[in-house]
């Protein structure tokens with residue numbers, strides 16, 4: 001997103017890295033919890049590994065927030081954006 005010039009806008013809607021926390025492993029959403037794992041560089045023992053591999057920090061941006069940013073950017077760049085469209089197939093022309 002940074003290379004596309006969209007990082008700043010994405011970060012307006014994203015949860016920052018220090019709030020991302022853990023992955024929880026459960027039998028179901030309301031079921032027994034089997035364990036938790038610190039992820040995405042939030043464990044202090046792994047933070048440096050993430051920091052040295054990227055010029056920017058991780059954040060959590062749900063798809064329903066990311067897609068409008070991408071669609072707007074693509075449309076402003078001249079792309080034709082279509083919704084409610086089904087791909088049925090194609091024929092090779094050359």
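Among the residues of the range 1-54, those identified as assigned to a loop (DSSP other than H, G, I, E, B), in contact with a strand residue (DSSP E or B) (Cβ under 9 Å, 6 or more places away or on another chain) and at pLDDT below 95 are 20, 21, 39, 40, 42, 43, 44, 45, 46.
Within the range 55-87, being under 18 Å from residue 3 (Cα atoms), within 18 Å of the chain's Cα centre (by Cα) and in a loop (DSSP other than H, G, I, E, B) holds for 55, 56, 57, 58, 61.
The values are calculated or read from the model by the stated rules, or taken from the named source; none is laboratory data. Given the structure is predicted, the values throughout are model-derived calculations rather than measurements. Backbone-built Cβ (ideal geometry, glycine too); neighbour counts: all protein chains shown.
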